[in-house]
């Protein structure tokens, strides 16, 4: 074990934990409510929001998995770049509508909105369950990101993860969303410091960018087809459907939605969306660590399961290139980078349970205080669940489930995103479309093998169209195929149900609700009191 | 069901529509957002090794530039539509 690195990581962890517990005093409110615990009273302003949403969306898993993908698969792994470049202009107009309607009606989750818009608790339940199922493995993967760092430091066994998650669970319980919000400042400062140094220093050590990319090119000339240093005719469509599908999916994830509605007004959302591509730029640089690892001849380390873990490529690169002091800082960045999104995700998943399952089906008259308590407790259970996922079940299961998670969360698009623009779609057809999309996601994912690891099923998200009897080598992102089927069923079904005059339910939102705004003044805090 | 149990209406004085009577996000400037959305999806434009920039193959540096394009266009649209929303 590298003592210096471990000490730096442990000290950094202790420091952010103190910050996490202290955060409940930040922008304090006397209210005990979900609005306060989960959304910090919807009061975050521009700069804070940029840190908060950036800290929320760019996870530790991203830092290790995106470069690992480029390291293992070549150009196709760079799809993360067009994905993170298009996501903000794509949702810029969509999310301000979501912000307004949530503000007007006090919605906390996407499923709250769907319930109000389509008057269907059942459709809302489907949306909520999808969100929870997609989020759980995502939390688990942040643990894997932490584990990759611990493996590199030379710590074996899972005990540090258990301690880290116990502390994380405790300060999320007491401070709610304020804890990850506060820690995101530390996280981002570390990210910009570490990446800013590494992006110049490592290429310098490796003999320059030219040399690095030539080594990358030579490496993939020697590997079997399917991986290449540029895109091939077979995987270009997969590349853009992955990018486009992921860009829509990210703002359907519960933690992203929670992040957006913690903001004070529409201008904050817009300003934040305009500034978030800065993180995308940094992610592009981070992805290149995968290329550097090839040039530096870095090998993946053996993880706790006894197999080589490609997630260790980036930590191992830092280990080889830097002294223990700076490597320790880089590892602290990844560990803290796991805490912030994991906290957001557990809060968001807990809210779905509280609002759309507990309050809807178990205790209809739950008070605001009771809802807050329920979410607090469930956020603990969610973290325990994610930990057990990693400890008891093969981690590969979490990875597979998270890949599937991106595809299934996309199946909430017609209800949530199209629902923000039109009430034309019928709740029954939306539910049928959702079900069809879920089935297609799972079925196409099942049929896809992983050539590299010789696994016949659940092997990847690029569905070969040859499965449908088409004579082509082209593959498409499974989520993309599924959402097309979903949309077809939703629109076709709506036409049918309208012709049959099936009851459409009540729309509790009005046209003006989608444009509600709050003044951008400094003066009084938003005095949104809990009325329910 | 006629009432949303979830709903909690904030005091009306805090909620404003920036321009009463004109409740809309519509603006011709919004169309500019299509540029940073569509450009990164046109693979044939950038799926090439040259011309290199500072040793970066075209495939890499050009796509990294898309993130800055997204920031620039989104910020521009925000500023141009500020008065309305």
Can you tell me which condition residue A:167 does not meet? The list is (1) in a helix (DSSP H, G or I); (2) within 30 Å of residue A:93 (Cα to Cα), and all the others hold. (2)
Against the condition under 23 Å from the mean Cα position of the chain (by Cα) and within 30 Å of residue A:307 (Cβ to Cβ), how does residue A:437 come out, does it pass? no
Which of the numbered conditions does residue A:100 fail, given that it passes all the others? Conditions: (1) away from chain B (no Cβ under 14 Å); (2) surrounded by 24 or more Cβ atoms within 10 Å (Cβ to Cβ); (3) at pLDDT below 95. (1)
Just one of A:10, A:40, A:15, A:23 is in contact with a helix residue (DSSP H, G or I) (Cβ under 8 Å, 6 or more places away or on another chain), surrounded by fewer than 17 Cβ atoms within 10 Å (Cβ to Cβ) and either in a helix (DSSP H, G or I) or without any contact (Cβ under 8 Å) to a residue 24 or more places away in the chain (or both); which is it? A:15
Odd one out for residue A:61 among (1) touching a residue at least 24 places away in the same chain (Cβ under 8 Å); (2) surrounded by fewer than 23 Cβ atoms within 10 Å (Cβ to Cβ); (3) farther than 26 Å from residue A:270 by Cβ: (2)
Restricting attention to the stretch B:44-58, and to residues there that are part of a helix (DSSP H, G or I) and more than 23 Å from the chain's Cα centre (by Cα), which single residue is nearest to residue A:214 (Cα to Cα)? B:58
Within the stretch A:291-316, the count of residues that are in a helix (DSSP H, G or I) and under 23 Å from residue A:396 (Cα atoms) comes to 8
Do the conditions hold for residue B:76, that is, is it more than 26 Å from residue A:103 (Cα to Cα) and either exposed (fewer than 13 other Cβ atoms within 10 Å of the Cβ) or modelled with pLDDT of 90 or more (or both)? no
Go through the residues of the stretch A:77-88 one by one and say whether even a single one is surrounded by fewer than 24 Cβ atoms within 10 Å (Cβ to Cβ), more than 22 Å from residue A:21 (Cα to Cα) and out of contact with any strand residue (DSSP E or B) (no Cβ under 7 Å at 6 or more places or on another chain). yes
Do any helices (runs of 4 or more DSSP H) entirely within the stretch A:390-465 hold 2 or more residues that are closer than 17 Å to residue A:242 by Cα, and if so, which? A:395-409, A:427-447
Boolean, residue A:462 is surrounded by 14 or more Cβ atoms within 10 Å (Cβ to Cβ) and within 16 Å of residue A:494 (Cβ to Cβ): no
For the stretch A:311-331, name all the residues that are surrounded by fewer than 24 Cβ atoms within 10 Å (Cβ to Cβ) and over 25 Å from the mean Cα position of the chain (by Cα). A:319, A:320, A:321, A:322, A:323, A:324, A:325, A:326
Just checking, does the stretch A:128-148 include any residue being crowded, with 22+ Cβ neighbours inside 10 Å, within 14 Å of chain B (Cβ to nearest Cβ) and touching a residue at least 40 places away in the same chain (Cβ under 8 Å)? yes
Only one of (1) surrounded by 15 or more Cβ atoms within 10 Å (Cβ to Cβ); (2) closer than 17 Å to residue A:232 by Cα; (3) within 7 Å of chain A (Cβ to nearest Cβ) is not met by residue B:46, so which one is it? (3)
From the set of residues in the stretch A:272-284 that are surrounded by 23 or more Cβ atoms within 10 Å (Cβ to Cβ) and within 7 Å of another protein chain (Cβ to nearest Cβ), which is farthest from the chain's Cα centre (by Cα)? A:274
Tell me which residues, restricted to the stretch A:279-308, are over 16 Å from residue A:70 (Cβ atoms) and in contact (Cβ under 8 Å) with a residue 60 or more places away in the chain. A:279, A:301, A:302, A:303, A:304, A:305
Specify which of the listed residues (A:506, A:529) is modelled with pLDDT of 90 or more, within 14 Å of chain B (Cβ to nearest Cβ), out of contact with any helix residue (DSSP H, G or I) (no Cβ under 7 Å at 6 or more places or on another chain) and assigned to a loop (DSSP other than H, G, I, E, B). A:506
So which residues in the stretch A:200-246 are part of a loop (DSSP other than H, G, I, E, B), touching a helix residue (DSSP H, G or I) at 6+ places or on another chain (Cβ under 6 Å) and facing chain B (nearest Cβ under 10 Å), if there are any at all? A:229, A:230, A:231, A:235
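The values are calculated or read from the model by the stated rules, or taken from the named source; none is laboratory data. Since the structure is predicted, the reported quantities are computational estimates derived from the model, not experimental observations. Cβ coordinates were reconstructed from backbone atoms using ideal geometry, including for glycine residues, and neighbour counts include every protein chain displayed.
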